[in-house]
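Here is the structure we will look at, set down as C-alpha cells.
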Amino acid sequence: MKKKLIVILGGGESGVGAALLAKKNGLKIFLSDSGIILNKYKKILIQNEIPFEEKGHTESIIAQKAIKVIKSPGISRKNSIIKRINFLGIPIQSELEFGKSYLNHSYVISITGSNGKTTTSSIIYQILKREGINVGIAGNIGRSFSKEVIKKKTFTYWK
C-alpha cells in the first residue's frame, strides 16, 4: 500500500485551518480527532469534502498511509498516538510550521511569554493595519494560522 496522505490530528480551529490550507494546495488529507468535533468545524469539513473521523484515531490509516502528520498545538508530544507516529518514523509538523511553509516573502512576528500576549498582539496588529500593511493575526487569540495564510499570503502576524 502506497503512502500518500497528510494526516491532520485535531479537529478544532488549528486542525481545520491546516486541512483547508492543505486542500487548497491540492494535498490528499485525512483529519482525525480523538474527541468530538464541534458542529461548526464538521460543517466546514463536509462543505470542503475533507474526510475526517472523530472519537478516536484509526491507527492503521496513519501507520499505512501517512507521509506526514500535522499536529494541532493542543496535542501533547507525550500522547500515545504521537509516540506511535514517532516510533513509525512518520514526520510530524506543527500547524504553525505547516502554515509557514506556504508563505512567500512574508514576515512572522511571534510574541511569547506568560502575560500580555493577546494585548500586545492586538496593539501591534492595529498599528500595522493602520499603516496599510496587509496583516493577519492568529494563534492563541482564537484564529488558525493556516486560515490566515489562506486569506493573506503577503504579511502574516502570529501571536
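Result for the chain in a Gaussian network model with C-alpha springs under 10 Å: among 140, 39, 115, the largest mean-square fluctuation is at 115. In the assembled protein chains, residue 68 presents an accessible area of approximately 60 Å² (probe radius 1.4 Å). Estimated from helices alone, the mean residue ellipticity of the chain at 222 nm is -11500 deg cm²/dmol (sum of -39500 (n - 2.57) over DSSP H runs with n ≥ 4, per residue).
Shown here for region 41-108: chymotrypsin sites (Phe, Trp or Tyr not before Pro) in loop regions (DSSP other than H, G, I, E, B) with at most 16 other Cβ atoms within 10 Å, namely 102, 107. The 3J(HN,Hα) values that the Karplus relation (6.51, -1.76, 1.60; θ = phi - 60°) gives for region 53-64 are, in residue order, 9, 9, 6, x, 9, 7, 4, 5, 5, 5, 5, 8 Hz. Gly and Pro appear as x. In the elastic network of the chain, a GNM with C-alpha springs shorter than 10 Å, the most mobile of 74, 15, 116 is 116.
When ligands, DNA and RNA are left out and all protein chains stay put, how many square angstrom of accessible area per residue does region 32-100 have with a 1.4 Å probe?
On the way: 4070 Å² over 69 residues.
Accessible area per residue: 59 Å².
Specify the residue with the greatest mean-square fluctuation among 42, 71, 117, computed from a Gaussian network of the chain linking alpha-carbon atoms under 10 Å apart. Taking springs between Cα atoms under 10 Å, the residue moving most is 117. So what is the relative contact order for the chain, in percent, with contacts set as C-alpha pairs under 8 Å and at least six apart? The normalised contact order for the chain reaches 25 percent.
Would the chain count as rounded, prolate or oblate if I go by the C-alpha gyration tensor, calling it rounded below 1.5 in a/c and otherwise prolate when a/b exceeds b/c, oblate otherwise? Since a/c reaches 1.5 and a/b is larger than b/c, the shape of the chain is classed as prolate.
Phi-derived couplings, Karplus 6.51 cos²θ - 1.76 cosθ + 1.60 at θ = phi - 60°, listed residue by residue for region 31-45: 9, 9, 10, 6, x, 8, 7, 4, 4, 4, 7, 4, 4, 4, 4 Hz, with x used for Gly and Pro.
The values are calculated or read from the model by the stated rules, or taken from the named source; none is laboratory data. Computed from a predicted model, the values in this text were never measured in an experiment. Note that each Cβ is placed from the backbone with ideal geometry, even for glycine, and that neighbours are counted across all protein chains shown. For accessibility, only protein heavy atoms count, side chains too; no ligands or nucleic acids. Shrake-Rupley method; radii C 1.70, N 1.55, O 1.52, S 1.80 Å.
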